[in-house]
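A short worksheet on the structure shown next.
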Amino acid sequence: MSALERLREAQALAAEGRRRDIADGREVVGTFSPPVPPPELIEAAGATPYRLLENRGPDADLRGMGALGRDTCSFCRSVLGSAILDPPPITCIASGTVCDRLRHMTDAWPAATGLPLYTVAVPRTREVPGQVPVLAEEFRLFASEISSRTGTPVTKTRLTEAIKRGNRCREVLTALDELRRESPPRLSGGEFLDVVRASHALSTSEFLELADGLIAKIRSREPMKRRPVRILLVGPTLTDGDRDVVRMAEVDCGAAIVGDLTDSGSLGYGEPVSEDRDPFTALAEQVLAHPILTAPLKPSTAFRDAFRRALQDGRPDGVVYRGVPFCRPFNSEAVPLRELSPVPFLDLRVEATGASGQVRTRLGAFLEAIEARLHFARENTR
Amino acid sequence: MSALERIDIGTWQRRFLDLDPDEVAGVHYFRHLGPRAFSRYFKPPSSFLGYGFRRLRRLHYDPDPRALRLFSFMLEEGERLFRARQSGMRVVGLMGDYGAVAPLLFAFPDVTAFYPDFCYWTPFLTESEVLLERAERRGLGADTCYVRAAVGAFTSQAYWPEPDLVAASTGASCDDLAAVAQVAFDAGTKMMFLEIPQRKDPAPWLTATRFISVAGQAPRQAGLLERLCEIYRDFFDRAGTALGTPVTEDRVAGSVARFRELRAVIAEIRTLVATAPLCPLPATEELLVQFASTHAYGDPAECRRILDGVLELVRERSERGVGFGREDDVRLYWVNPPPDPLLHVHVERTGARVVGTEYLIASALTPLSEGDPVKSIARAFLTGSLLGSSAARSETIVAGIRETKAEGVVISNLFGSSHCGAETPVIRRAVEEKAGVPVLSFDVPKPAPGEISSQVQNRLAAFLEAIRARRGRCATS
C-alpha cells in the first residue's frame, strides 16, 4: 500500500480511532476551521483535535436547515445536520468566531447535540491596536478551559512542542504543495486535498508517522504526460461530500488544480508559527496573518495579497472561484478577485451538498475556452 | 376611550396647508447655523414624493403635527447631509454598531452622522430595485441582506455626499455590513474599522472564564468592558486625526449626556406605547422614535425637540384614553425591523397593534448611566443583540413578551441576512417554549409597487385569527 493510500485509509478510519480515544478517557475536541482555535493548543492540553467536515447528504442538510433556517450556508447546515443524524466522535466543540453564520451554527450545537461549546473570539480587523495580545489572551483562556477537562495544564514547553510538530506538518504540506505546482505536476489537486484532509482528521503525531516517506514517493513519480490546464481553486471550506468541483475539473475535464486558496487545501495550517517567541503570542500572530482568516478580516487587503501570491506561485491558466450561497465573507470577495485576476475567472456558487450537472457544464465550457486560448497562443508563438 | 383615525397622504397634504405658516417656517434643522430657508424640514408630503419616496402614497399616518414632523425629519435626512456638507460640517458615516459610536462622534465639533446601514429602507420607500441591482453588480446579490442597498448608494453618491469618514464596526456585528463596508473601502471611501468584541454566554463547563452579571442585563465575560473602552479611546485618536480636530473630555461628557436624555425620552414613549389601553402612537412612528436612539438622525438637538413633542403627544393621549384601533386589538411583539413600513400599516389595519419590539438596536435603547461617559456608553453597548448569542437575544425577546403581555410574535426575516435567518429557529423555539405564545415568521418580500404580497397578507390574517381563537379558548378554559 502506498503512503498516500495509507493516509487515506487512516483518515477514513480516524473516526473509529477517536471513538477508541474517548473510550480510553481521552478528550477529543471537534473544530470547524483550522486556524482557530489552533490545533496546537488542543494537543498541548492533552486532547486530540478532530475537524468536523462530515457531510451526510440531503438528509443532513434538511436537519441543519431545521436548526439554522434555509438561508444559511450549506457548509454550516451540512455539518450540524450530519452531527444530529450521526453524532461525531468528539467530547466537546471549539470554534472561532470567524463569521456570523459559523457563530450561529456553533451556538446551536449544545442544544442540538448536548456537547459543551468553547468559543474563541477572533478579531475581525487589524486596524484596532492591541489585537494580537487580546487574541493571545483568548488563547490562554481557551487553553485553561480545555486543560480543566483533560487535567493537563498547557505549559510553555508542551505548547512549544506542539507548535514544533505543527510546523513539521506544515513543512510536509508545503513540500507537497510545491510538487503540485510543478509543470506538469506530479501530484493532483484531489490527492493533495486528501493529504490535507488526513492532517485534519489525525493527530499531528499520527499524521507525521504516516506521511513519512510520502514526499520522496511523490518526487519519484513520473510527471504527467501532457501539460494540463492549470487551475487555482479559491473559496470556503470543502466538506467531505463536496469534492464535486475538484473531481469534475481533474477527472472529468483533465485539468490540474495546481494551487488553492481554501482551508481544505494548502491553507489548512497556514504559515509556520514562530518557535522562539511566547507561544500564545506566536499563535495569535499566525492566526491574524492566516490567508484564509484574512477574508473576513476588514479591510480584506491581506486576503487579496494572498490571492496575488497564489497567482504568482501557481502560474494558473484560470481561476475557479467555488463559493457557497450565503457565505458572506467569501462571496463578497468574488468580484474584487475577478478584477484582480489576469487570467480567466469562473465564479461558481455550489451548495456543499454537491454540484449539479449545470456546474459541470459551466466548468467544462470554461476549461475548454482556456484550452482553446492556450492552443491559439501556442500556434501564434510558432 | 375614543379612537383616532390614521390619515392617508392626501389628508396629510391638505392638513399641512392648514398649519400656521409661521409655525412651519420656524422649524429648522442644524439651528446652530441660524435659521436658513434650506434648513426647513417640515414640508408637505408632496415634497417627499418628489424625493422619490413613492411608498408614502400607500401608508397611513398619525395625524398630529408633532408626529408628522418626526416623519418629515426622518425623510429629510439625505437632503440634510448634503446641506451639512455645503455648510462646512463634516459628514461621518457609521456602520454596524448601534448606540455607541454616534454619541462619541457628536463630541467632535461641526459633525453630523448617518448610518448607511439604514439604507435598507430606501428600496422599499422608493419602490425601486435600482440600489439592489447596483449591489448585485458588486457581488452582493439576493443571498445578502437588504442592507446591500447601501452599496448602490455608496457607488452612486446621490443618496449622501462623499463622507469625510466612515467608522465601520466589524467583529461581532454583521457580516453583510462588513461586506458593504469593504465595497465602500474599495471605492475609495475614507474608512476606519472598529472592532466589536463578542459577548459570550456563561455555561456550566466554562470554569476558567469569569463572568460578570448585572441585574436585568445579559452576563458578560470579565475584561470585555475594559476592552471596549480601549477601542473607543482609540476611536477618539483616529477620528480626531481623520477629522483634523481633537476632542475634549467636556465635549464627550456633554454629548453622552444629550444621548442619555434622549434615551430616557424614548424609553418613556416606548413604555406608554406598550401599556396604554389604546395604542397612542402607530408602529411606524414608534419605529422612527426608536431609531432616533442610534444617531438622532444626524441632529441631536433638533431630534430632542421633536421627541419631546412626541412624548407630550403620547402622554396626552394616554391620560385622555385616546388612541388608535380598539382595546381588543391583538397585541404583537415584532422581531427584526421591517424594511417595508407598509407591513406595520397592514397589521394595524387588520386589528392588531405592536406593543413590543426587538429591532436589533437594543444597545442604543439601554439607559446610559452617570459617571465616566465612555464607560457608560460601553456598558450600555454590551447589552446589545448583535454582539451576543442567539440564545441571549431570545431571552431578551421572551422577557419583552412577558413585560408587554404580547399575544403573538411576528418575525420579519430579511432573506439572506447573517442574523435574521439563522436566529429565527432559535427564537421561535425559545418563544414557544418559554413564553408560550405563537410565532409567525416570514421573509419580507422584495420591494415592489403596490400592496404587500397576498401570501404575506394571508399568513398575517390567519395568524391574527388564530390568536383571537386562542383568546376564546383561554377564556373558556
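State which residue pairs qualify: first residue closer than 14 Å to B:ARG379 by Cα and more than 8 Å from chain A (Cβ to nearest Cβ) and inside segment B:198-223, second residue of a type in the set (Ser, Thr, Tyr) and not in a loop (DSSP other than H, G, I, E, B) in any location, beta carbons under 8 Å apart, and separation of 6 or more residues or different chains.
From segment B:198-223, the pairs are B:ALA218/B:THR396.
Residue check: is B:THR189 of a type in the set (Ser, Thr, Tyr), within 12 Å of chain A (Cβ to nearest Cβ) and in contact with a Lys or Arg (Cβ under 6 Å, 6 or more places away or on another chain)? First the steps, then the outcome.
Details: of a type in the set (Ser, Thr, Tyr): yes; within 12 Å of chain A (Cβ to nearest Cβ): yes; in contact with a Lys or Arg (Cβ under 6 Å, 6 or more places away or on another chain): no.
Criteria not met by B:THR189.
So that you can scan it fast, the table gives a plain yes or no per residue for (1) open to solvent by less than 10 Å² (accessible area, probe 1.4 Å); (2) within 11 Å of another protein chain (Cβ to nearest Cβ):
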residue: A:PHE75; (1), (2): no, no
residue: A:LEU85; (1), (2): no, no
residue: A:SER95; (1), (2): yes, no
residue: A:THR106; (1), (2): yes, yes
residue: A:THR119; (1), (2): no, yes
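Which one of A:PHE376, A:PHE366 is surrounded by 19 or more Cβ atoms within 10 Å (Cβ to Cβ) and either touching a Leu at 6+ places or on another chain (Cβ under 8 Å) or not in a strand (DSSP E or B) (or both)?
On the way: A:PHE376 fails: surrounded by 19 or more Cβ atoms within 10 Å (Cβ to Cβ).
Just a single option satisfies the conditions, and that option is A:PHE366.
Which one of these does B:ARG137 not meet: (1) touching a helix residue (DSSP H, G or I) at 6+ places or on another chain (Cβ under 6 Å); (2) within 12 Å of chain A (Cβ to nearest Cβ); (3) open to solvent by 10 Å² or more (accessible area, probe 1.4 Å); (4) not polar (S, T, N, Q)?
Here B:ARG137 clears every test but (1).
Which condition from (1) open to solvent by less than 10 Å² (accessible area, probe 1.4 Å); (2) at negative phi; (3) within 10 Å of chain A (Cβ to nearest Cβ) is the one that B:VAL183 breaks?
Here B:VAL183 meets the rest and fails (1).
Of all residues in segment A:131-152, how many are over 30 Å from B:ILE231 (Cα atoms) and without any contact (Cβ under 8 Å) to a residue 60 or more places away in the chain? Working first, answer last.
Here is the first cut: in segment A:131-152, the ones over 30 Å from B:ILE231 (Cα atoms) are A:147-152.
Okay, now just the ones that are also without any contact (Cβ under 8 Å) to a residue 60 or more places away in the chain, so A:148.
So the count comes out to 1.
Quick one: B:SER412 ticks every box in (1) open to solvent by less than 40 Å² (accessible area, probe 1.4 Å); (2) in contact with a strand residue (DSSP E or B) (Cβ under 8 Å, 6 or more places away or on another chain); (3) assigned to a helix (DSSP H, G or I); (4) of a type in the set (Ser, Thr, Tyr) except a single one, so which number is it?
(3)
Filter segment A:191-219 for residues that are charged (D, E, K, R) and outside any helix (DSSP H, G or I) and give the result.
Hit for segment A:191-219 is A:ASP212, nothing else.
Would you point out which residue out of B:ALA113, B:ALA3 is open to solvent by 60 Å² or more (accessible area, probe 1.4 Å) and in a strand (DSSP E or B)?
Numbers: B:ALA113 fails: open to solvent by 60 Å² or more (accessible area, probe 1.4 Å).
Unique residue meeting the criteria: B:ALA3.
For segment B:450-459, give me the residue count where each residue is in contact (Cβ under 8 Å) with a residue 24 or more places away in the chain and either part of a strand (DSSP E or B) or closer than 22 Å to B:CYS145 by Cβ (or both).
Residues in segment B:450-459 being in contact (Cβ under 8 Å) with a residue 24 or more places away in the chain and either part of a strand (DSSP E or B) or closer than 22 Å to B:CYS145 by Cβ (or both): 2 in total.
Among the residues of segment B:435-443, is any open to solvent by less than 20 Å² (accessible area, probe 1.4 Å) and aromatic (Phe, Trp, Tyr)?
yes
Give B:PRO246, B:PRO219 a once-over and let me know the one that is open to solvent by 30 Å² or more (accessible area, probe 1.4 Å) and touching a Pro at 6+ places or on another chain (Cβ under 7 Å).
Details: B:PRO246 fails: touching a Pro at 6+ places or on another chain (Cβ under 7 Å).
Every option except B:PRO219 fails the conditions.
May I ask you to list the residues in segment A:266-292 that are in contact with a strand residue (DSSP E or B) (Cβ under 7 Å, 6 or more places away or on another chain) and within 21 Å of A:ASP242 (Cβ to Cβ)? So that I can check it myself, show each step before the final result.
Start the filter on segment A:266-292 by keeping residues that are in contact with a strand residue (DSSP E or B) (Cβ under 7 Å, 6 or more places away or on another chain), which leaves A:266-267, A:287, A:291.
Within segment A:266-292, A:SER266, A:LEU267, A:PRO291 qualify.
If we scan segment A:143-161, do we find a residue that is part of a helix (DSSP H, G or I), more than 14 Å from chain B (Cβ to nearest Cβ), surrounded by 19 or more Cβ atoms within 10 Å (Cβ to Cβ) and in contact with an Asp or Glu (Cβ under 6 Å, 6 or more places away or on another chain)?
No - not one qualifying residue is present in segment A:143-161.
The values are calculated or read from the model by the stated rules, or taken from the named source; none is laboratory data. Being a predicted model, the structure only gives us computed values, none of them experimental. Note: ideal-geometry Cβ built from the backbone for every residue, glycine included; neighbour counts use all protein chains shown. Note: accessible area is taken over every heavy atom of the protein model, side chains too, but ligands, DNA and RNA are not part of it. Shrake-Rupley method; radii C 1.70, N 1.55, O 1.52, S 1.80 Å.
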